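The structure appears below as structure tokens.
The values are calculated or read from the model by the stated rules, or taken from the named source; none is laboratory data. Here the structure is a predicted model, which is why all the values come from computation and not from measurement. We place every Cβ from the backbone using ideal geometry, glycine too, and count neighbours over all the protein chains shown.
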Amino acid sequence: MKINMYPPCPQPELALGVEPHTDMSALTILVPNDVPGLQVWKDDNWVAVNLLENALFVHVGDQIEVLSNGKYKSVLHRSLVNKECTRMSWAVFIVPPHEANIGPFSELVNDQNQAKYSTKTYAEYRHCKFNKLPQ
Ligand SMILES: O=C(O)CCC(=O)C(=O)O
Ligand SMILES: [Fe+2]
């Protein structure tokens with residue numbers, strides 16, 4: 001789990017809480033406080049995610065994108081900071097074991113649908129992503 005805390009920022013238009021990224025998890029469960037700020041990239045725009053009382057956000061992460069051979073997309077997202085309020089979010093990353101081999105499900109790959117992702121262990125995937133190496 002990761003706890004994100006974004007203190008008030010006097011010039012929120014000049015800063016970001018978290019840079020645009022996709023999560024390398026399979027799924028992420030995000031528990032926000034009551035200060036908005038999460039945005040997702042949709043139809044070539046940053047779109048604010050509405051807060052719903054007592055609701056969690058669930059992101060599809062990179063591993064589900066790979067397993068589904070791109071059918072489910074890992075969501076590109078970022079977070080803004082707020083001028084007056086401290087924003088917080090609790091992120092729970094649901095991940096495979098480090099030694100698990102992750103690649104497109106064989107049922108989804110055939111002559112018409114080539115594998116779009118290489119198969120590698122989750123540890124290798126993390127190493128490549130952290131070091132900005134090609135996957
Ligand atoms: O604070 C947020 O709303 C997003 C945090 C996030 O994307 C992350 O921790 O991976
Ligand atoms: Fe994230």
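Could you please let me know if residue 5 is outside any helix (DSSP H, G or I), under 29 Å from residue 128 (Cβ atoms) and within 13 Å of ligand 1 (Cβ to nearest atom)? For residue 5, the condition - outside any helix (DSSP H, G or I), under 29 Å from residue 128 (Cβ atoms) and within 13 Å of ligand 1 (Cβ to nearest atom) - is met. Is the stretch 18-25 home to any residue that is of a type outside the set (Lys, Arg), modelled with pLDDT under 95 and either within 12 Å of ligand 1 (Cβ to nearest atom) or out of contact with any Asp or Glu (no Cβ under 9 Å at 6 or more places or on another chain) (or both)? No - not one qualifying residue is present in the stretch 18-25.
Scanning the stretch 8-20 for residues that are exposed (fewer than 12 other Cβ atoms within 10 Å of the Cβ) and either under 11 Å from the mean Cα position of the chain (by Cα) or outside any loop (DSSP other than H, G, I, E, B) (or both) turns up 13, 14, 19. Taking the criterion of being hydrophobic (A, V, I, L, M, F, W, C), over 14 Å from the mean Cα position of the chain (by Cα) and surrounded by 13 or more Cβ atoms within 10 Å (Cβ to Cβ), the residues of the stretch 50-81 that qualify are 51, 67, 80, 81. Select from the stretch 1-32 the residues that are without any contact (Cβ under 8 Å) to a residue 60 or more places away in the chain and in contact with a Ser or Thr (Cβ under 6 Å, 6 or more places away or on another chain) and write down the one among them that is farthest from ligand 2 (Cβ to nearest atom). So the residue we want is 32. Filtering 66, 35, 92 for residues that are within 15 Å of residue 4 (Cα to Cα), of a type in the set (Val, Ile, Thr) and away from ligand 2 (no atom under 16 Å from the Cβ) leaves a single hit, 35.
Listed by first and then second residue, the pairs linking a residue in the stretch 79-105 that is among the aromatic types (Phe, Trp, Tyr) to a residue that is part of a strand (DSSP E or B), with Cβ atoms under 7 Å apart and 6 or more places separating them unless they lie on different chains, are 90/3; 90/31; 93/28.
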